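J.: The following block contains the structure, expressed as structure tokens.
Nothing in this text is a laboratory measurement; each read-out follows from the coordinates by a stated rule. A quick note: this is a predicted structure, and the numbers were derived from the prediction, not measured. Don't worry about glycine lacking a Cβ; one is built from the backbone with ideal geometry, like all the others, and counts go over all protein chains shown.
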Amino acid sequence: MKNLDSNNHVSGKSVFVDDIPVIQGTLYGVVYGSPVASGKINNLNLHEARRLAGVSRIFTHKDIPGENQIGAIIKDEELFAENKVHYNGQPIALIIAESEVIACKARELIEIEIEEYDAVTGVVEAKEKDLLIQPPRTFSLGDMDSVWENCEHIFEGKVISGGQEHLYLETQGSYAFPQENANIKIFSSTQGPTVIQRIVARVLGISMHKVEVDVQRLGGAFGGKEDQATPWAIMAALAVYHLQKPVKLILSRHDDMNMTGKRHPYETTFKIGLSKNLKILGFEAEYLQNAGASADLTPAITERTLFHATNSYFVPNVRATVFSCKTNLPPNTAFRGFGAPQGIFAIESAIKHAANKLNIPAREIQKSNLLNENDEFPYGQIASNVELRKIWNIAHKRFHPEKLEKEVSDFNKVNEMYKKGISIIPITFGVSFTNTAMNHARALVHIYQDGSIGISTGAVEMGQSVNTKMVQVASEVLSVKTDRIKIETTNTTRVSNTSPSAASSTADLNGKAVQQACRALLIRLKSTAAKILQAKEEQINLIDEVIYIGNIRSTLIWKELVWQAFTDRVNLTENSHYATPKIHFDKNKEKGHPFAYHVYGLAITTITIDCLRGIHEIDSVKIVHDFGKSMNQEIDNGQVEGAVVQGIGWMTMEEVVHDKFGNLQSNALSTYKIPDIYSVPESIEIIPLQTEGNEGAILKSKAVGEPPFIYGIGAYFAIQDAIHAFNPEYEPEFNSPMTPEKILLGLYNGGNK
Ligand code: LUZ
Ligand code: MOS
């Protein structure tokens, strides 16, 4: 089944927040952000701006009836800065006007006096000054005190990974409406309708039931709208609260890039110890994570880094510590992978570093340490249904990495100014929100009297095709045609208390709830069918909209059955709740069983660099990926391809640059390069490892949103490999992204060319 929205997307009919027909009297908001990254507001002069014709009102913290506090995990973030500002672009005021153009003009007229402080932008400085979002967290396993003396080889090093701008096509935005009795309805481009409902209520000092949040779909999110859709929805709601007029607030691309957080940059120091036969005996890592000015989702991202510190390997002795450093940048936030890619890049760099020093291919170390069944992760979970060796073997049989390596070295022998490189990366990704409490979802299923079906869940469609998957689930359980099924908008009045659509878990959690609801409805319908056909309930089967007694086809069909059930006063609506079974985690001990299951995979990346220009092309990415039993291979392949390209972008070209004052330099598409059609790999080959799947996965079809992002890391090591072919003196550093500048430095530094 193809994505439900495909036709409407390509013909431009799909509705995003900014496409919602505008209601008469609508006003427009523009946000005034801090011009400096750190300082104290001495005076804010709104006089001239307020006088501009067409300006309705300008709001500041003084207009907040409830709490000026939007922090979802830690209450450390103001909606509007009151006294001090902590990053450039931090909202200080909201201008509401008859048009966006007028609001923008008014913004130019705002005058501010700020006593500027020195900005802290780097993690090392932040840590030295003890500027932390939360106390450091450590996961450990085994005995780190005595491990090093047993190691034959010990290596230490440093790994840096950069930030990443989400660059969803649809920028952040919301459109809020006054309702009767001071209720407010908000259309928002958010992954988390309930987060918005909760925090709007907090800031306005009203109860959650007065706030309705509705989401049709998002034009991309990637984590950027898990928590950071919130401020713009609150601001629109605040203006509605005071003005009782519809208010639309859509960020311009420039404001979006300046004001919102990104993937956390990391600086990691590691120590790795190996035995003579290349077993990793010890791994120690200290991750300095650049959290930005407030916590946002950082505490959860911290955890996911720790959960993925050893990637696909069993390491008996581990100590991994994250320092969440507080800096004067916008609060960094969720981004596909959620701290796991940063952790995995660190251990893969450590392995590569060791391999370089030992003058062996990294794959020898990788292979020797792959996780086995019943191995213990540093967080206490016991690995089960581990597919890594199977994947490794399939990759070898189907892709012949030794042959590929030979092709690379043959090419490199005869080409002077072009060099090829190759790398292998295995991945292991834990599926479930790391915060156990978030792993539940609900579905509301109506069967209408004509046999058509309407489904509401907490799942937000953001291009990942979750709605299509929900249709598949219902269609499979009820055995009805997919075009009988409609997926409704995600709305807090129909499905309450939702977790955000995140953690690759949306289809699992919401799909399970849909499945349960449909199963309950099916039981009732079978009971009606048994009555009509004078058969036993357990004999009744529904197959392709026809009712069977055993395997004998009856004349009763779906539509008729539903109508009969309705006239028989059967309840044709079901509301179902699903909570992932068995998972738990003890944060005091840092041990437990946090994940429903793991997703495994492996990618072989080959690239060619141009040694004159320092640019590169990805020749191929060859993947063996554990889909479980994919319920929709085309959609899942699409997720893998998109994730790989996004991962390669993070590793090779996307460079978030701030100057030392904390001003974003890469604040437009002319200065921030994301992969385009010309930079995607020549070929992405995906071998689906169809495994037994896992009961925790919907229809045994494993989560696919984030894990394949990590394959992109392979591009980094493949480029290093190519540089080395050109410059034998190359001293590899682990500092992503591998931009053309860094490639050139690698090619010509220390070498004799
Ligand atoms: N969001 C979240 C996530 O709140 N918790 C998680 O564990 C997570 N993992 C991946 C992506 N988003
Ligand atoms: Mo996320 S990184 O919002 O799944």
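J.: Taking every eigenvalue of the Cα gyration tensor of the stretch 509-664, multiplying by 5 and rooting it, what semi-axes result, largest first, whole Å?
T.: Whole-Å semi-axes of the equivalent ellipsoid: 52, 23, 16.
J.: Still on this structure, I have one more. Relative to the present Cα-Cα distance, how much length would full extension add between Gln24 and Asn83 at 0.36 nm per residue of separation? Walk me through the numbers on the way to the answer.
T.: Details: separation 59, 0.36 × 59 = 21.24 nm, distance 3.65 nm.
Roughly 17.6 nm would be gained on extension.
J.: Could you please report the charge total around Arg263, scoring K, R as +1 and D, E as -1 over all other residues with beta-carbon less than 10 angstrom from its beta-carbon?
T.: Details: positive: Lys262, Arg336; negative: Glu165, Glu654.
Here the charged neighbours net out to 0.
J.: Divide, for the stretch 638-686, the radius of gyration over alpha carbons by 2.2 N^0.38 Å, where N is the residue count.
T.: 1.38
J.: If you don't mind, there's one more thing I want to ask. Using the alpha carbon gyration tensor of the stretch 613-749, what are the three equivalent-ellipsoid semi-axes (square root of 5 times each eigenvalue), largest first, in whole Å?
T.: They are 32, 19, 13 Å, listed largest first.
J.: Label the stretch 137-185 by shape, choosing from rounded, prolate and oblate, from the square roots a ≥ b ≥ c of the eigenvalues of the Cα gyration tensor; if a/c is under 1.5 it is rounded, and otherwise prolate applies when a/b is larger than b/c, oblate when it is not.
T.: oblate
J.: In addition: Express the Stokes-Einstein translational diffusion coefficient of the stretch 393-539 in µm² s⁻¹, to the nearest whole number, given a Kirkwood radius over alpha-carbon pairs, 20 °C and a viscosity of 1.002 mPa s.
T.: 112 µm²/s
J.: Please go through the residue pairs Lys185/Lys245; Lys276/Lys357; Lys276/Lys419 and name each one whose alpha carbons sit more than 22 Å apart in this structure.
T.: Lys276/Lys419
J.: Continuing with this model, one more query. The chain: Rg/Rh from Cα coordinates, Kirkwood Rh?
T.: Radius of gyration over Kirkwood radius for the chain works out to 0.99.
J.: Under a crude label model (7 Å from the Cα following the beta-carbon direction), how far is Val10 from Thr269 in nanometres?
T.: Each label point is offset 7 Å from its Cα along the Cβ direction, giving 5.4 nm.
J.: Then there is this: Where Rh denotes the Kirkwood radius from the mean inverse Cα pair distance, what is Rg over Rh for the stretch 95-216?
T.: When Rh is taken as the Kirkwood radius, the ratio is 1.16.
J.: Quick check for me: using +1 on Lys/Arg Cβ and -1 on Asp/Glu Cβ, what's the dipole size of the chain about its Cα centre, in debye to the nearest 20?
T.: 1640 debye
J.: While we're here: With point charges of +1 on the Cβ of Lys and Arg and -1 on the Cβ of Asp and Glu, referenced to the Cα centre of the chain, which listed residue (Ala383, Gln690, Phe345) lies farthest in the positive direction of the dipole?
T.: The one lying farthest along the dipole's positive direction is Gln690.
J.: When the convex hull of the Cα atoms of the stretch 241-387 is projected onto a plane and the area is averaged over all directions, what value comes out in nm²?
T.: Computing the convex hull of the Cα atoms and averaging its projections yields 12.6 nm².
J.: Order the peptides 376-387, 123-134 from the highest to the lowest mean number of other Cβ atoms within 10 Å of their residues.
T.: Packing proxy ranking, top to bottom: 376-387, 123-134.
J.: Sticking with this one: What are the residues whose amide H is under 5 Å from the amide H of Arg57, where those residues sit 5 or more places off or on another chain and H is modelled from the backbone?
T.: It is Ile96, by chain and number.
J.: While we're looking at this one, here's another question. Report the calculated FRET efficiency for His400 and Lys559 (r = Cβ-Cβ distance, R0 = 60 Å), to the nearest 0.05.
T.: About 0.65, to the nearest 0.05.
J.: Using the Cα atoms of the stretch 58-145 to build a convex hull, what is its mean projected area in square nanometres?
T.: It is 9.6 nm².
J.: Follow-up. Please report how far the C-alpha centroid of the stretch 213-240 lies from that of the stretch 691-727, rounded to the nearest whole angstrom.
T.: Distance between centres, Cα-based: 30 Å.
J.: Among the lysines, select those whose C-alpha is under 21 Å from the C-alpha of Lys531, and discard any that sit fewer than 8 residues away in the same chain.
T.: Output for Lys531: Lys559.
J.: Of Val621, Ile532, Gly638, which is farthest on the positive side of the dipole of the stretch 527-665, counting Cα position, with +1 on Lys and Arg Cβ, -1 on Asp and Glu Cβ, and the Cα centre as origin?
T.: Ile532
J.: Taking the beta-carbon count within 10 Å as an exposure proxy, list Phe709, Phe16 from fewest neighbours to most. Each step should come with its number before you reach the end.
T.: Working: Phe709 30, Phe16 18.
Listed from fewest to most nearby Cβ atoms, that is Phe16, Phe709.
J.: So, R0 is 45 Å and r is the distance between the beta-carbons of Glu115 and Leu669; what FRET efficiency does that work out to, to 0.05?
T.: On the way: r = 34 Å, r/R0 = 0.76.
Efficiency at R0 = 45 Å is approximately 0.85.
J.: Within 15 Å, Cβ to Cβ, of Gly192, how many net charges do the neighbouring residues add up to if Lys/Arg are +1 and Asp/Glu are -1?
T.: Here the charged neighbours net out to -1.
J.: Right, something else. For the residue pair Asn588 and Ile532, what label-to-label distance in nm results when each label sits 7 Å from Cα along the Cα-to-beta-carbon direction?
T.: About 5.8 nm, to one decimal.
J.: So which chymotrypsin sites (Phe, Trp or Tyr not before Pro) in the stretch 69-142 are both in a DSSP loop and have at most 16 other Cβ atoms within 10 Å of their Cβ?
T.: Tyr117
J.: Could I ask something else about it? What does the charge count around Gly173 come to, taking other residues whose C-beta lies under 11 Å from its C-beta (Lys +1, Arg +1, Asp -1, Glu -1)?
T.: Details: positive: Lys225, Lys248; negative: Asp18, Asp19, Glu170, Asp255, Asp256.
The answer is -3.
J.: Now for a different question. Give the share of C-alpha pairs in each 10 angstrom bin for the stretch 441-516, from 0 to the last occupied bin, in whole percents, shortest bins first.
T.: In order of increasing distance, the bins hold 21, 57, 20, 1 percent.
J.: Under a no-solvent Debye model with one identical scatterer per Cα of the stretch 167-316, what's log10 I(q)/I(0) at q = 0.10, 0.18, 0.19 Å⁻¹?
T.: The Debye formula, applied to the Cα set alone, gives -0.48, -1.02, -1.09.
J.: Treat every Asp and Glu Cβ in the stretch 1-83 as -1 and every Lys and Arg Cβ as +1, leave all other atoms uncharged, and give the resulting dipole magnitude about the Cα centre to the nearest 20 debye.
T.: In total the dipole reaches around 240 debye.
J.: Give me the distance between the Cα centres of the stretch 134-172 and the stretch 495-557, rounded to whole Å.
T.: Centre-to-centre (Cα) distance: 46 Å.
J.: Moving on to the next point. Just want to confirm a number: the relative contact order over the chain, from Cα pairs under 8 angstrom separated by 6+ residues, in percent. All intermediate terms of the calculation are to be shown ahead of the outcome.
T.: On the way: 1832 pairs, mean separation 108.9, N = 753.
Relative CO of the chain lands at 14 percent.
J.: Of the listed pairs Lys352/Lys702; Lys105/Lys660; Lys62/Lys84; Lys512/Lys702; Lys62/Lys326, which have alpha-carbon separations greater than 18 Å here?
T.: Violating the 18 Å limit, Cα to Cα: Lys352/Lys702; Lys105/Lys660; Lys62/Lys326.
J.: Here is a follow-up. So how far, in whole Å, is the C-alpha centre of the stretch 620-679 from the one of the stretch 280-341?
T.: Centre-to-centre (Cα) distance: 20 Å.
J.: Would you mind ranking Cys151, Cys104, Cys518, Cys325 by Cβ crowding within 10 Å, fewest neighbours first?
T.: So the ranking, lowest neighbour count to highest, is Cys104, Cys151, Cys518, Cys325.
J.: Can you put Leu533, Leu509, Leu79 in order of Cβ neighbours within 10 angstrom, beginning with the fewest? Spell out each step's value before the answer.
T.: On the way: Leu533 18, Leu509 31, Leu79 24.
In increasing order of surrounding Cβ atoms, one gets Leu533, Leu79, Leu509.
J.: Whole-Å semi-axes of the stretch 268-334's equivalent ellipsoid, largest first, each the root of 5 times a Cα gyration tensor eigenvalue? Walk me through the intermediate numbers first.
T.: On the way: eigenvalues 170, 25, 10 Å².
Over the Cα atoms of the stretch 268-334, the ellipsoid semi-axes are 29, 11, 7 Å.
J.: State which entries of Lys2/Lys262; Lys589/Lys700; Lys158/Lys279 exceed 24 angstrom in Cα-Cα distance in the structure shown.
T.: Flagged as over cut-off: Lys2/Lys262; Lys589/Lys700.
J.: How much of the DSSP beta bridge set in the stretch 410-547 is antiparallel, as a percent to the nearest 5?
T.: Of those bridges, close to 70 percent are antiparallel.
J.: Another question about this same structure. Excluding same-chain residues fewer than 8 positions from Lys587, which aspartates and glutamates have a Cα within less than 12 Å of its Cα?
T.: Here the aspartates and glutamates satisfying the reach criterion relative to Lys587 are Glu303.
J.: Using a Cα-Cα cut-off of under 14 Å, which aspartates and glutamates could be cross-linked to Lys486, ignoring same-chain neighbours fewer than 8 residues away?
T.: In chain and number order, the partners are Asp5, Asp450, Glu461.
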